[in-house]
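Have a look at the structure below before the remarks.
Throughout, read-outs are computed from the coordinates displayed, never taken from laboratory work. On a predicted model such as this, the values are computed, not experimentally measured, just so you know. All Cβ positions, glycine included, derive from the backbone under ideal geometry; neighbour counts span all protein chains shown.
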Amino acid sequence: MTSLISESFEVAPKATPIMADLPKEHFIASVTEDYDVTCWGCGLHLLLPSHAPVFKCGWCGALTNQNAGKRECKYFWLRRLRDRCFVCILLMFMLFVICGGVWAAFPVLFSISYFHGIFHSIIAFILSVTTVYTFSSASFACAGTPPCVVWGSYPAVGKGALENYTFCQLCSKPKSPRSHHCRSCGMCILDMDHHCPFIGNCVGAANHRHFIALLISVVTSTFYISIMTVYVCWHIWPSITYEPFDHSYGFGSDFALRAIREIVYGLLKSVVLLSPRGLVLVYLFVSSVSLGIGLSILLWQQLCFIYEGKTYLNHLNDGVGEKDCQNLVQFFGCPYSFSIYLPHCSLSRFLPSFRKKTQRHKK
């Protein structure tokens, strides 16, 4: 707020004078009013030169948004119910795929060869255990909570201890720069990537690796199921009957279309003659192919984000990451350099590096 201070008390003329017309004995000065605000991080009183809705404390580094209000989380229980339903449906589907595949395929495999049956039983057991374990780890484990810090008291909060921290109005506690509040989980998640309703949990710093392992396991399992269903159906599929082709019209495009139509029609007629095992195998093939394609795209997207050193939310917010293959190595928990085991061999020699490395999931 500014005010005019003048040394003369003469009455101003009717027309408001401009600064160039004022006599020399007149001076114009501005008086700035300081605003007294309190930092939530350290509790210190700060004097701001102007009314700023967002300011940063010069001592602890915390960011304060005076216009931020506590917004109610509507329909929280509906989100939790939706997540629980998705998890139950997915568990039932996984149980059906495992049990249905064993019931439909393995009698045929053991009838072909005892060695085939034992070998594929071991592979199916490993894939089933891996998928269930990674799903449980990603679904029921904590996605990652922000680090606990001391706040609110000046003697206890050191200089720069809350650098770029904000205050979460919903959790009523500090939120680190890499944390986001999930309205479905009702808590702040460290390095939050997204909330996945199919696992009923957020994907964050603590379970992001388990989520990627789940995607890899499911994509591998669907690829294996697709191959095995085709292999088993080849042995149990009824004979396909079709009308003989008339070669008198040559081998043009009309002949090719007629041949494809007869083959498809013969396949559809043979499906009616399939046993219940064959129908289960057909369903497993269709579902595994469609699920494998969708999850392969999701896995590729996730790996691209990890390579760029950012999460899905950072990508939406136009976050800038540092592209480096070593981000993938660090994400999966591998050492940055193998110099301990191979003194004359460094991993950076074989992995291309475009910029300096980033550390995303390091608390």
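Taking amide H positions as placed 1.01 Å from N in the peptide plane, with prolines and chain starts having none, which residues 5 or more places from Leu46, or on another chain, fall under 5 Å of its amide H?
Val37, Thr38, Cys39
Using packing as a proxy for protection, rank 112-122, 185-195 so that the peptide with the highest average count of other Cβ atoms within 10 Å comes first. All intermediate terms of the calculation are to be shown ahead of the outcome.
Values: 112-122: 12.9, 185-195: 21.2.
Ranked from most to least packed, the peptides come out as 185-195, 112-122.
For a quick protection proxy, order the peptides 293-303, 97-107 by their average other-Cβ count within 10 Å, most packed first. Don't skip to the end; give the middle numbers.
Working: 293-303: 14.2, 97-107: 17.6.
So the peptides 293-303, 97-107, ranked by packing, come out 97-107, 293-303.
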